[in-house]
Amino acid sequence: RLRLLLLVVASLPLLVLLSRHVGFERTRSWRSDMFDALIALGVAAVISVVVLVLLGVIDAGTSLDAAMGKISIQMVPASMGALLAKSQFGAGSGDDPAEQEETWWGELFLMVAGALFLGLNTAPTEEVMLISYQMTHWHALALVALSLLLMHGFVFSMGFAGGTEVSAEEPWWSAFIRMTLPGFVIALAVSFGLLWLFARTDGLSFDGTVMATIVLAFPCAIGAAAARLIL
């Protein structure tokens, strides 16, 4: 229960900041952003209940505790999707060029959101743990290298909007240190946090936790690097 509560509570500041970037509408106060975040959570709660009931995940025999747990887990990615609906299906924040300008810290936040957006859909599955059990340390090192390579490909070829944009004149190592490496650290941190929240690390050895974190960090790294496309 404590982890589920932490998941929902921690999603609030994330949604508020996300509303500032790509919310339902252009806001000029944190109060409006908070209002948008609460609306997103409310919409997500209703949609989660409807979908879980339609799919038979929640029925008359489901206890209240189990139902609340399932709804809480589903609410966070659903609320992010609600806030992202405008940028994905309508005229989003890209309408105003001035709105695209981001600081380095702003870009890092978008990386966190992008990593969560993909990580939340993967972390609860059994595949993450199964793959980590089958991998050797050499596989893990190769996966880290592939993650960094793909992230840097996104960063260097597409660039990022605003003040941290990667130019063609900038050497590859500068963009790697400034954007790719911090992005991968974010992906690792998000991966470990999600595995802990979903109790995947309970009873795992240190080696097993590291392997599982690296496996989940692969989709999280893609989400972080492609944050501008996703968000």
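The values are calculated or read from the model by the stated rules, or taken from the named source; none is laboratory data. Given the structure is predicted, the values throughout are model-derived calculations rather than measurements. Cβ: placed from backbone, ideal geometry, glycine included. Neighbour counts: every protein chain shown. Quick note on the areas: whole protein, heavy atoms, side chains included, nothing else; ligands and nucleic acids left out. Shrake-Rupley method; radii C 1.70, N 1.55, O 1.52, S 1.80 Å.
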*Counting only residues that are modelled with pLDDT of 85 or more and not small (Gly, Ala, Ser), give me the helices (runs of 4 or more DSSP H) lying completely in segment 93-180 with at least 2 of them.*
104-122, 127-134, 137-158
_Take the residues in segment 106-123 that are of a type in the set (A, V, I, L, M) and in contact with a Cys (Cβ under 7 Å, 6 or more places away or on another chain); name whichever of them is farthest from Ala78 (Cα to Cα)._
Ala115
*Give the number of residues within segment 105-136 that are of a type in the set (S, T, N, Q) and crowded, with 19+ Cβ neighbours inside 10 Å.*
1
*Residue in segment 210-227 that is modelled with the lowest pLDDT, counting only those that are open to solvent by 10 Å² or more (accessible area, probe 1.4 Å) and within 12 Å of Phe184 (Cβ to Cβ)*: Ile222
*Give the residues of segment 184-209 that are under 15 Å from the mean Cα position of the chain (by Cα) and modelled with pLDDT under 90, sorted by residue number.*
Leu197, Phe198
